[in-house]
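The values are calculated or read from the model by the stated rules, or taken from the named source; none is laboratory data. None of the values given here were measured: they were computed from a predicted structure. All Cβ positions, even for glycine, are placed from backbone atoms using ideal geometry, and neighbour counts span all protein chains on display.
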Amino acid sequence: MTKVNLGTKLADKILWTFNHVNYGSIYEAYGTCSAKKINSWKEIESRARATEGYNHDLKVVARSCHFYSTMYSFTNDEGKFIVYDTAGDTKILKLENVAFC
């Protein structure tokens, strides 16, 4: 998992995407899709549900015929976080005094 620092262009992109893009679940985003996409969705969903303070907001935020990306958030004693999963990496952004939807 790669930590993203607030104030960077990537952090701004993650925050904007989290607040403005929502294709729903993998099933809503694609209707029908490959078993590989469904299996990766189930792995991400399982990790999200197992995360302390998960906010039950997992969603697809980017989709193409080859890849998709997801985001979800959680809140714990350390603060609020956004987890951004892409085909190549998982990034995490800690929010501090930021408008959060």
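Residues in the stretch 45-101 that are without any contact (Cβ under 8 Å) to a residue 24 or more places away in the chain and in contact with a helix residue (DSSP H, G or I) (Cβ under 6 Å, 6 or more places away or on another chain): Tyr54 only. Scan the stretch 42-56 and give yes if some residue there is loosely packed, with under 15 Cβ neighbours inside 10 Å, at pLDDT below 95 and under 20 Å from Leu93 (Cα atoms), otherwise no. Checked the stretch 42-56: no residue is loosely packed, with under 15 Cβ neighbours inside 10 Å, at pLDDT below 95 and under 20 Å from Leu93 (Cα atoms). Considering only residues in the stretch 70-87 that are of a type in the set (S, T, N, Q) and surrounded by fewer than 19 Cβ atoms within 10 Å (Cβ to Cβ), the one that is modelled with the lowest pLDDT turns out to be Asn76.
Scanning the stretch 5-24 for residues that are surrounded by 13 or more Cβ atoms within 10 Å (Cβ to Cβ) and either in contact with a His (Cβ under 9 Å, 6 or more places away or on another chain) or farther than 15 Å from Val83 by Cα (or both) gives a single hit, Tyr23.
Residue check: Ile38 meets all listed conditions (1) within 18 Å of Lys91 (Cα to Cα); (2) part of a helix (DSSP H, G or I) but one, namely (1).
Taking the options Tyr30, Tyr68, name whichever one is over 10 Å from the mean Cα position of the chain (by Cα) and over 20 Å from Leu93 (Cα atoms). Working first, answer last.
Details: Tyr68 fails: over 20 Å from Leu93 (Cα atoms).
Tyr30 is the lone residue from the list that is over 10 Å from the mean Cα position of the chain (by Cα) and over 20 Å from Leu93 (Cα atoms).
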